[in-house]
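The values are calculated or read from the model by the stated rules, or taken from the named source; none is laboratory data. In this text the structure is predicted, and so the values were computed from the model without any measurement. Neighbour counts run over all protein chains shown; Cβ positions are idealised from the backbone, glycine included. Accessible surface is based on the protein model in full, side chains and every heavy atom, while ligands, DNA and RNA are left aside. Shrake-Rupley method; radii C 1.70, N 1.55, O 1.52, S 1.80 Å.
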Amino acid sequence: MTKIDLKGLPHNKLEDFFLTRGEKKFRAKQLLTWLYHKFETDFENMTDLPTPLRAKLTEDCYVSRLEIADKQKSHDGAVKYLFKLEDGETVESVLIPDKPRLTVCLSTQVGCSLGCKFCATGQMGFIRNLKASEIVNQLEGIKLDQGETNNVTNVVLMGMGEPLLNTENVLDAIDNFNSELGYEIGARKITISTVGIPKEIEKLAALGLKERLAISLNAPSQKLRDDIMPGVKKFPIKSLIKPIEKYAESSARWVTLEYIMLKGVNDSLSHASELIEFTKDLPVKVNLIQYNPVEGIKYESSELRDLYLFQAYLLENGITTTIRKSKGQDIAAACGQLRTEKIKATGTQSHGEKSKQ
Ligand code: SF4
């Protein structure tokens, strides 16, 4: 019989699990405390559970954990992790210290189907969705590696993959991050970063989510977006307007538009002008991101001068605009880069990559 992984299940699903086995639902609370507050994986050590239940759980279930396949530390403090999954696939996560915040950037899929041309993950193709446990275990793996007292303050789902093409598992993982029985990270400290999938954003708004929503826009016009993010053509920029308004209203927080600055591609003042036109009546702020160049990909990071001019122009026109400096340039910190380098170095490939050949 295949054992059931009890990691990553949100509180309500874990209560259902115990109820369907004739157990009291408060066992879920006890188990969650062991998993997320005491980092315990062995049911036999969960001493407030009755002995017969411990034995039954040991027989039928397990608690997964991820193995670190590689780790690189940047001179600026960022740490990039490559985690090995049960089926041998790998995903990346990054720990980004930026006092007073300590942020982790986590993956939600192995590979990605959307093929953004500036992104290393986009060149891998889609391999599979991550389970909720695999998303949660990236954070756990970082915490354990850094020491259990390591106090991660923020989570961004901005690593490999598109979170809203794996919504159910992402929501289950968020429940674990956010819950007081889980990692107790406030909803406002959790960011879902998406290319913008209209019906999924509307679903999140209808659920009343309070997490921050960031939409990776990267181009102010449909034509340019189609060129640099070809997999996103089916979600036109204009179809984002209503979902953005709904999410901002339901979460009582403005949505962030992420804009990666690519030299000579989307960083001129005429692009800024188009961006102002798109954003001026929307409940959004803009976050300009310095591009982390990727070997073998033709795009370059915009000159700092152009970055600041672009920001100033947006600010002058009343658009709240921040700049996010790129961290970990010396450690392959752009999403998908470390995995790609590891595959090249070891000659191993995932099933998805083999099947594309
Ligand atoms: S930028 Fe995000 S959505 Fe685009 S290919 Fe990379 S992982 Fe996928």
Roughly what % of Cα-Cα distances in the chain sit above 28 Å, to the whole percent?
45
Please report the spacing between the Cα centers of the stretch 119-139 and the stretch 33-111 in Å, no decimals.
14
Any number yet on Rg/Rh for the stretch 196-272, C-alpha, Kirkwood?
1.01
Expressed as a whole-number percentage, the relative contact order of the stretch 67-355 with C-alpha contacts under 8 angstrom and at least six residues apart is 19
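Mind checking the dipole of the chain: about its Cα centre, +1 per Lys or Arg Cβ, -1 per Asp or Glu Cβ, Debye to the nearest 20?
Values: 49 positive and 48 negative charges, 69 e Å.
Approximately 340 debye in magnitude.
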Rank Leu31, Leu53, Leu66 by mean-square fluctuation in a GNM of the chain with C-alpha springs under 10 angstrom and give only the top-ranked residue.
Leu53
Using only the alpha carbons, work out the radius of gyration and Dmax of the stretch 39-140 in angstrom.
17.3, 55
Here P(r) for the stretch 126-277, Cα-Cα distances in 10 Å bins, as whole percents, is 10, 37, 33, 17, 4
So which lysines pass the test for Lys143, namely a Cα distance under 22 Å, with those fewer than 8 places away in the same chain ruled out?
Lys7, Lys29, Lys38, Lys71, Lys73, Lys80, Lys84, Lys99, Lys131, Lys189, Lys327
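Quick check: at a probe of 1.4 Å, how many percent of the accessible area of the chain sits on carbon and sulfur atoms? Please list the in-between numbers first.
Values: 8150 of 15850 Å².
Carbon and sulfur atoms account for 51 percent of the accessible area of the chain.
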Computed ³J(HN,Hα) along the stretch 226-238: with the Karplus parameters 6.51/-1.76/1.60, θ = phi - 60°, integer Hz and x for glycine or proline, the list is 4, 6, 8, 10, x, x, 9, 3, 6, 10, x, 3, 5
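Taking only protein heavy atoms into account and a 1.4 Å probe, give the accessible area per residue of the chain in Å². Before the final figure, lay out each step's value.
Details: 15850 Å² over 357 residues.
Here the residues of the chain average 44 Å² of exposed surface.
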For the chain, calculated [θ]222 nm from helices alone, where every DSSP H run of n ≥ 4 adds -39500 (n - 2.57):
-10000 deg cm²/dmol
Determine, for each peptide in 106-117, 199-210, the mean count of other beta carbons within 10 angstrom over its residues, then list the peptides with the highest first.
106-117, 199-210
Going toward the positive end of the dipole of the chain, with +1 on Lys and Arg Cβ and -1 on Asp and Glu Cβ, which of Thr103, Leu269, Leu139 do you reach last?
Leu269
GNM on the chain, C-alpha springs below 10 Å: top fluctuator among Pro97, Pro50, Pro283?
Pro50
Per residue of the stretch 36-46, in order, report the coupling 6.51 cos²θ - 1.76 cosθ + 1.60 (Karplus, θ = phi - 60°) as ³J(HN,Hα) in whole Hz, putting x for Gly and Pro.
9, 9, 10, 6, 8, 10, 9, 4, 4, 8, 8
